[in-house]
Amino acid sequence: MNYKKNEADDEISLLDMKPGYATIKEIRGGIGMRQRLTKMGIQIDEYVRKLPSRIGPCLVEVKGSQIAIGRGIANKIIMDKNSYKKTMD
């Protein structure tokens, strides 16, 4: 079940976002999860690239590093739709 609580028209979860580039708007999780993501470079206002993946974890590129994020956590990372740019490859 996707996290839809109070979702505005200008935001989408990382899980639901199509491959491309966007800025992280919010992280809806506990302090532990946010700290773990911050150590990987995933934090609010960071511009990240979602890579294509059919099944399994969500793949993102942050600051030149590729990271696999579980689907449950990816569903709690909220992206800014207005900053979305489609991937060229």
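List of remarks:
- Spherically averaged projected area in nm², based on the convex hull that wraps the Cα atoms of the stretch 48-89: 3.4
- Label-point gap, in nm, between Ser53 and Asp10 - each point 7 angstrom along Cα→Cβ: 2.8
- Around the amide H of Met79, modelled in the peptide plane, lie the amide H atoms of Ile12, Ser13, Leu14, Lys25, all under 5 Å away and 5 or more residues distant in sequence or on another chain.
- Extension gain for Gln43 to Tyr84 (0.36 nm times residue separation, less C-alpha to C-alpha distance): 13.1 nm.
- Placing one equal scatterer on every Cα of the stretch 12-84 and applying the Debye formula, the log10 ratio I(q)/I(0) at q = 0.15, 0.17, 0.22, 0.26 Å⁻¹ is -0.40, -0.52, -0.91, -1.34.
The numbers here are math on the coordinates, done by the rules we state, and not lab data. This one's a predicted model, so the numbers in the text were calculated from it and none came from an experiment. Don't worry about glycine lacking a Cβ; one is built from the backbone with ideal geometry, like all the others, and counts go over all protein chains shown.
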